[in-house]
Structure formats: structure tokens, C-alpha cells
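What follows is a short report on a single structure.
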Amino acid sequence: MENWERRGEELLEFIDKSPSAFHAAANLEEMLEKREYRRLREEEDWEICPGGRYYVTRNDSSIIAFALPELENALIRGFHIAAAHSDSPSFKIKEKPEVVSEKYVRLNVEKYGGPLVQTWLDRALSAAGRAAYLREGNVMTKLVNIDRDLLVIPNLAIHMAGKEQEYNIQTDLLPLYGEEGGKNAFQDCVAEAAGIEKEALLAWDLFLYVREKGKRIGGNGEYILSPRLDDLQCAFAAMTAMAESDPASYINLCAVFDNEEVGSGTRQGADSTFLEDVLVRIREGLGQTDAWLRQRIAGSLLISADNAHGVHPAHPEKSDPANRPCLNGGIVLKYHGGQKYTTDAVTAAQLKLLCGRAQVPLQTYTNRSDMAGGSTLGNISVRHVSVPSVDIGLPQLAMHSAVETAGAKDTDYAVRLFRVFYEG
Ligand code: CO
């Protein structure tokens, strides 16, 4: 098996066991533990030393890993930071989840981020996230994955709907759970999946996910079709490289933030103090001054990695006439005149050099000039820690669909790029 094929399989396995941001963070944690990264807790003092490898989580859904070179502090040149996100568009299950109509019980949900809603219909779904429960007077949390085909959001037959259907989230998109009067209330189902007593269950953060596993497709297996490629493909690639690399003269750091799909403005999102807090605590742990940290930040680089739009085979006119990324064409360097992407000439040049050194292909992306694009993490994160930054991604189709399509070779390109970044 070739290297890119092995990376591709590892990615699909990672995505399959990460049905929610909480699971993604837990699986990244496991990847780090295997490479002797030690857990630090925000509630405790940190003891860190040269050559050490550490990680810290916030809200169980965002995670920052860092590794220190074996160097005197004066010789540390700065930080090599990669950022990606752990969440994906979905539907969040509300309190009082059961809504009865006719003989049916449906679950009451609201949108999380901007899913392409029509792609979520007529396929097996389930729910995953975390539960908060009571144990000996304390609030505890546990990951929950109701690991079976459980729900469906049924479409309206074409004979009843007419040609063009518009979907109202509250009326059209509540998933069917079962028959009225059935034995198992949804709460029972959650408590059972979490392995806790029903009476102890206090609250949850639960999201729908599609049950379909990621797979290779295409005449020569050149594509992958999978849920949550945005942005678990980049999160996986960056953290894999982080775990496999030894730092040289920079402190390596990989941040995977939750809540990008809803604007990042949470305690654990990119628009929080999480990254800044970690940098300050690294400085304190090394016994260094504010000035030392500021000098290092000025000499650092942040690579913000979030998937990019490949040219669509049916709608090539939606892309810029010259900057046209294709699946399997390698890393996508993103530019935006309005600075939604942080890339500038200097950081673009650095990224081009890194891709050259890693021997991975590079392509460029800009929106069509008459089209507004999406936004991402980089320009939000640099408001808190103003580090030189560049925005990249891997090319994909059908962003925010229940299942997305990407190139089978591109994950390996990203791992190779991040390895060169972290080892240089
Ligand atoms: Co994204």
C-alpha cells in the first residue's frame, strides 16, 4: 500500500470514530497520548520543561498540543502554529426532544452551522456528543454515541411536494424517532448509550450525524466520499504531523478549535483567549518575560487550515477564471482581498517554500471577484494573537453536504507539508 493510501485509510477511520467535535477532540488526544504527549489542565499549575510534549483541552471539544525544543529559551525562535476546526455543520437536539404528531415521535432539532439540508434527508442518522450527569453530588461528562441506525428525516413524496421543495427546519426537518407510545423514550436511549442511570442524566450537547462510513470512490479510487471532511481532513493532517514531528528551533503548536461553523465566538472557539492563554502559560512555564513572548510571536508563523472549494465539474463558472484548484492537485493557498484569508505576500512566499521543501503540489484559490466567499479561523484567531499567518485548505466538492467529496491523495500532501513545517 502506498503512503497516500495508508494516510487516506487512517483519515477515514478517524472521521468514522469522530461523529461529533467532542469525539474528534478525544481521538486527537488519543493520537497525542500514543506519542507521549502529556495532558495539562487549565485548572491546575503547569510544569513544563525543554523537550516536553503537552496538550490541553477546553470544553472537551477544542484541543491545543505543543512541543518544546531541547534548547535554551534564548535560542527558541518562535512558534510554528497550525490551526483547524473540530466541528461540522449538523443539527443539534433540543431539550424536551420528543415531538408527537399523528402516530409519530420526531426529535426536536435546530440547525448547527449551515448544513446543505436536503442532503441529510432519507438516510440513516444517529446522535452523538456528550452527556452531563450527576455522580456523588458532582457534575460529570461523558462522550455519547448512539452507535446504531436510529433516525431518518423523510422527504415529502414528489407527488405531494411539487417540483421545487423548500425546507423549513422546524416543520420539515425533524428526524423520525419512532412510534407514539413506544417503550424507549429518547432520554433512555441516551442514558443507555452513555452507560449512566437515566435519573442521573442532567443535560446534553447532542448532534445528528450520518451513519454512512467514508469510502474510496472513482474509476481508480482517486476520490474519497465521507462526512465531515470539512474540517476533519485538515485537523487530522495537522495533528498527525504534530504527533510525528520533533521540534527544531521553534515551539510547535497545533490548535483544533470547536465552533468554527457558528462563528467561533465561544469560550473554546478561535475567537476566544484559548490560544493566547496557552502561549502565556508556556512563557510562564519557561520563566520568560512578556518581551520574550512578544518577540517570539513576531517571528512566528500560523498556518490556518480549513478545506477549500475545488472547481465543480458541473459548474466551472463558479470559480475564479485563473485560480482553479482541483481534487488531488495538492495544498490550496487561499487569498482574499478583503482579508477574510490572512495570506499576504510574505506568508504566501513562506508557504510556497515549505511546499517546495515537502515536494507537495500547490494550487491557489481566490473567490470569483463578483462572489462572496466563506470565512474561516485564521483572521479570527489573529485578532487575539497577532502572528504572521497564511490560510490554506484541501480541495473538496459539496462543502457542508452530509457527505463531501475530496481527493484521495491530498491528505498525505497536507501531512507532508505540516511535517516539514514542524521539523524546520
Ligand atoms: Co471549515
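Looking only at region 162-182, decide whether some residue is touching a helix residue (DSSP H, G or I) at 6+ places or on another chain (Cβ under 9 Å) and open to solvent by 70 Å² or more (accessible area, probe 1.4 Å). Within region 162-182, one or more residues are touching a helix residue (DSSP H, G or I) at 6+ places or on another chain (Cβ under 9 Å) and open to solvent by 70 Å² or more (accessible area, probe 1.4 Å).
Among the listed residues Glu42, Glu30, which satisfies the condition of being at pLDDT 95 or above and part of a loop (DSSP other than H, G, I, E, B)? Checking each option against the conditions leaves just Glu42. Scanning region 315-332 turns up at least one residue that is in contact with a Leu (Cβ under 8 Å, 6 or more places away or on another chain) and assigned to a strand (DSSP E or B). Applying the criterion of being of a type in the set (Ser, Thr, Tyr) and within 21 Å of the chain's Cα centre (by Cα) to the residues of region 98-140, the residue that is farthest from Glu192 (Cα to Cα) is Thr119. Only residues that are out of contact with any strand residue (DSSP E or B) (no Cβ under 7 Å at 6 or more places or on another chain) and assigned to a loop (DSSP other than H, G, I, E, B) were counted in region 70-84, giving 3. Residues in region 254-302 that are within 16 Å of the ligand (Cβ to nearest atom), among the small types (Gly, Ala, Ser) and closer than 16 Å to Ala67 by Cα: 1 in all. Mind checking whether some residue in region 388-403 is in a helix (DSSP H, G or I), closer than 28 Å to Val210 by Cβ and within 16 Å of the ligand (Cβ to nearest atom)? No, there is no match, as no residue in region 388-403 is in a helix (DSSP H, G or I), closer than 28 Å to Val210 by Cβ and within 16 Å of the ligand (Cβ to nearest atom).
Of all the residues in region 404-422, those that are outside any helix (DSSP H, G or I) and either β-branched (Val, Ile, Thr) or outside the structural domain of Glu244 (by TED's automatic domain parsing) (or both) number 1. Given the structure, is Ala243 assigned by TED's automatic domain parsing to the domain that holds Tyr104, in contact with a Leu (Cβ under 6 Å, 6 or more places away or on another chain), away from the ligand (no atom under 16 Å from the Cβ) and hydrophobic (A, V, I, L, M, F, W, C)? It is false that Ala243 is assigned by TED's automatic domain parsing to the domain that holds Tyr104, in contact with a Leu (Cβ under 6 Å, 6 or more places away or on another chain), away from the ligand (no atom under 16 Å from the Cβ) and hydrophobic (A, V, I, L, M, F, W, C).
Pairing each residue of region 94-108 that is touching a residue at least 40 places away in the same chain (Cβ under 8 Å) with any residue that is β-branched (Val, Ile, Thr), provided the two are 6+ apart or on different chains, yields C-beta distances under 6 Å for Glu98/Val105; Arg106/Val99; Leu107/Ile93; Asn108/Val99.
Picking from residues in region 49-60 that are in contact with a Lys or Arg (Cβ under 8 Å, 6 or more places away or on another chain) and in a loop (DSSP other than H, G, I, E, B), the one that is nearest to Ala128 (Cα to Cα) is Asp60.
Scanning region 190-240 for residues that are open to solvent by 20 Å² or more (accessible area, probe 1.4 Å), in a loop (DSSP other than H, G, I, E, B) and in contact with a helix residue (DSSP H, G or I) (Cβ under 8 Å, 6 or more places away or on another chain) gives Glu197, Lys213, Gly214, Arg228. Answer yes if at least one residue in region 335-349 is in a loop (DSSP other than H, G, I, E, B), within 15 Å of the ligand (Cβ to nearest atom) and open to solvent by 30 Å² or more (accessible area, probe 1.4 Å), and no otherwise. Within region 335-349, one or more residues are in a loop (DSSP other than H, G, I, E, B), within 15 Å of the ligand (Cβ to nearest atom) and open to solvent by 30 Å² or more (accessible area, probe 1.4 Å). For region 241-271, the set of residues classified as open to solvent by less than 30 Å² (accessible area, probe 1.4 Å), within 16 Å of the chain's Cα centre (by Cα) and farther than 19 Å from Glu29 by Cα consists of Glu260, Glu261, Ser264, listed by residue number.
The values are calculated or read from the model by the stated rules, or taken from the named source; none is laboratory data. Model, not experiment: these values are computed from the prediction. Cβ coordinates were reconstructed from backbone atoms using ideal geometry, including for glycine residues, and neighbour counts include every protein chain displayed. All accessible areas refer to the heavy atoms of the entire protein, side chains included, with ligands and DNA or RNA removed. Shrake-Rupley method; radii C 1.70, N 1.55, O 1.52, S 1.80 Å.
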